[in-house]
Amino acid sequence: MKQYRNIIITSLLLAFAAQVFAHGGFEHVTGTVVKLENNVLTVKTAKGDSPVTLDAKTEITRDDRPAQAADLKAGVRVVVDVPEGSKVKVAHSVKIGVANHK
Amino acid sequence: MRWFFLGVLSVCAVAILTGLALVRQGRGFSALEPPTPMERWIAREARALALPAGAKSRLNPIENSPETLAEARAHWADHCYSCHANDGSGDTVLGKHLYPPAPDMRLPATQELTDGELFYIIQNGIRLTGMPGWGNGSERDSEDSWKLVHFIRHLSQLTLEERKAMEKMNPKSPDELREEQEEERFLRGEDSHEAIPEHHHH
């Protein structure tokens, strides 16, 4: 009887832990900037274009230093962190890298 | 005497019945709901009562210097980040899901505590919350905690550069480290984005 109780408790704990970690992290959108219009940044990723919204709290950096939305020019490499599971993709942070040369 | 015991039994019975009623109503005791104002008040009062005489008025013996803040920043990034976040907002997976959730330490509820109170809490933790007691009785440990008190006062002035430096010191799993390196290579132009798999944790 005690064994059954332990199995049930362990299963419940594992189920709860999985739920917590599935909901709290960030989704990373990695790609190059297509355009920035009306605070919506369109990023070309390996799976196609991905739009993310920038708001006043979005942290934009280049080499760990503050950067501006104006630096998000077409062709620039970016890594965008978006809270996982959010319906409207609002960027938590945008890291800017080098520009792609074509 | 008989009436006294009957009174105590009645109070206990009412408390149990109220608890059962709450559970049956479907509200239950989920840790995902924010604490009620009554719970917050009781917790704050209990914390104040738990402080021994003299702890509140203790002054910080460590000088507040850039070196002190740099040490405390590194300590915080390694030990406190998981629940409190680098900026003290409590905006992390663990911090948001604790009960009660980790507070935003930049707000008056924390900043209005005295240095002595903050030191006591770091050293002894807070019962029935996620805050552990970190004290081990050594002088070195006490110094580290006093330095953290200086850092808590600095939280609202934390710069973006400081936060970015702290991110590099946060505890990371091997997967997260690999992810970080892949992203840095991509940003430097060394990999194409086709080479970067989709990531879903941080």
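The values are calculated or read from the model by the stated rules, or taken from the named source; none is laboratory data. What you see is a predicted model; the values in this text were computed from it and never measured. Don't worry about glycine lacking a Cβ; one is built from the backbone with ideal geometry, like all the others, and counts go over all protein chains shown. We work out accessible area using only protein heavy atoms, side chains counted, and drop any ligands, DNA or RNA first. Shrake-Rupley method; radii C 1.70, N 1.55, O 1.52, S 1.80 Å.
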| query | Stretch B:Phe5-B:Ala70 to full length: gain in nm at 0.36 nm per residue minus the Cα-Cα span? | reply | 17.6 nm
| remark: Percent relative contact order for chain B, counting Cα pairs under 8 Å at least six residues apart, stands at 20
| field | Label-point separation, B:Glu45 to B:Asp191 (7 Å along Cα→Cβ), nm | value | 5.6
| note | Expressed as a whole-number percentage, the relative contact order of segment A:40-102 with C-alpha contacts under 8 angstrom and at least six residues apart is 34
| query | Among the lysines, which fall within straight-line cross-link reach of A:Lys35, defined as a Cα-Cα distance under 18 Å, with same-chain neighbours fewer than 8 residues apart omitted? | reply | A:Lys44, A:Lys47, A:Lys73, A:Lys89, A:Lys95, A:Lys102
| Taking Cα pairs under 8 Å and at least six residues apart, what relative contact order does segment B:1-109 come out at, in percent? | 20
| message | In square angstrom and rounded to 100, what buried accessible area do you get between chains A and B, total over both, with the probe at 1.4 Å? | response | 2400
| task | Would you look at the GNM of chain B, springs on alpha carbons closer than 10 Å, and say which of B:Glu183, B:Glu67, B:Glu117 moves the most? | result | B:Glu183
| message | Could you work out the percent of alpha carbon pairs in segment B:83-202 separated by over 18 Å, rounded to a whole number? | response | 63
| task | For segment B:83-136, state what percent of all Cα-Cα pairs lands in each successive 5 Å bin, counting from 0 Å until the bin that includes the largest distance. | result | 5, 21, 23, 32, 16, 2
| Got a number for carbon plus sulfur as a percent of segment B:56-202's accessible area, 1.4 Å probe? | 52
| query | Under a GNM of chain B (C-alpha, springs under 10 Å), which listed residue has the highest mean-square fluctuation: B:Glu184, B:Glu71, B:Glu112? | reply | B:Glu184
| Could you give the alpha-carbon Rg of chain B over 2.2 N^0.38 Å, rounded to two decimals? | 1.34
